[in-house]
Amino acid sequence: MTTPIADDEEPVAWADFLSHSPVGREAVIATELYGRETQRGFVAVLTPPVRWDCQSCKGPRRFLGVTYNQSNGTFEESNYARGFHADEVMRAGVVLEYRCQDCELAVRQIAVWLESSQRPTLNTHPETHATVLGRWPSEETTYELTAPEEIRAVLGEDGAALFGSGLRCEERRLGIGAFAYYRRLVELQKNRLIDGMLEVSRLTNAPPEVISDLKRAREERSFSRAVGTVRVPPALLLHGGHSPLMLLHELLSEGIHGGGDGECLEIAGNLRVVLRDLVGRMNAVMGDDKQLEAAVNHLLERQRRKRAAKGEAGDLEVREGA
């Protein structure tokens, strides 16, 4: 089933459409789409570099367009898909093939339906509507977005699951859904966010009033009331002098009164950025502390071993002297 274009939805870049659009999503392409043209009237669709999950590399990787060489049975890098004949009013399906730039093993295919009001050439780039017809391997096995480890470390598995759901809604341009997931994440994981801020405060020797404010905030039942009790958060967590809790609160308040998917999608994206920045700063401080603790423990262990070795050598000298 095709998902129609919303009234407030902006055109998207061709590479972004290929990277993120799920099956059935229709969009207007904002950037150059067609490449070379042959003398027989064939045109070719550009295959720009995209980022997808690579099952061989176990993570996001850069994929480059390829074409299959039937003479030697190999894939060769190419900036274009195979050419096709374009009529005066162009309606055509095309399959684009990609290969992971790192491992050169994982191959991905995406089938796209293209419609333009006039025949494209090298000199004319008419408005084109594109729809994803299918992906291989299927979206269920390769097109699953998950929360980064830093989110899981601070907000736990439940928080990571909500963050991942918000990400997937964003990728499908479902703004209202994305905002709802991020809002639920902030409300349900309020205490974990504040606990992380408390830990940063202790590690950085924050003023006592900062710690007391955060402790009072933790006792509040709602996120909005908790924000009101924190006058100044730990200095290392400020973003351009702004409190991350206040930024989240303002975005959540704005999103509640937001309009359609387009407006909510922008707010959800800003929520995600602020959340990741806050969690990233927390992880940086706590990670540095863990590394320092490990280094100190390693040094103490080396000193203990040296003392033990000296003690054994002294005992041996005593026995030999006797």
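With θ taken as phi - 60° and the Karplus curve 6.51 cos²θ - 1.76 cosθ + 1.60 applied, the whole-hertz 3J(HN,Hα) list for segment 213-224 is 4, 5, 5, 5, 4, 5, 7, 6, 7, 10, 5, 4 Hz, x standing for glycine and proline.
Sorted by average packing, counted as other Cβ atoms within 10 angstrom per residue and highest first, what order do 239-245, 193-199 take? Mind showing how you got there, number by number?
On the way: 239-245: 14.6, 193-199: 21.7.
By packing density, highest mean first, the sequence is 193-199, 239-245.
Under the simplified labelling scheme, the SER212-ARG91 pair shows an inter-label distance of 7.3 nm, with each label point 7 Å from Cα along Cα→Cβ.
Among the chymotrypsin sites (Phe, Trp or Tyr not before Pro) in segment 173-273, none is located in a DSSP loop while being surrounded by at most 13 other Cβ atoms within 10 Å of its own Cβ.
Loop-located trypsin sites (Lys or Arg not before Pro) in segment 173-231 (DSSP state not H, G, I, E or B) with no more than 11 neighbouring Cβ atoms inside 10 Å: ARG221, ARG231. Rounded to the nearest Hz, the phi-derived 3J(HN,Hα) couplings of segment 109-115 under the Karplus curve 6.51 cos²θ - 1.76 cosθ + 1.60 (θ = phi - 60°) are 10, 9, 9, 10, 9, 10, 9, where x marks glycine and proline.
Estimated from the Cβ-Cβ distance and a Förster radius of 25 angstrom, the FRET efficiency linking ASN191 and LYS58 is about 0.15.
Annotation: extensible slack from ASP277 through GLU10 equals 93.5 nm (criterion: 0.36 nm per residue apart, minus Cα-Cα distance).
Read the figures in this text as sums done on the coordinates, not as results from a lab. Worth saying up front: this structure is predicted, and the values here are computed from it rather than measured. Note that we place each Cβ from the backbone using ideal geometry, even for glycine, and neighbour counts take in every protein chain shown.
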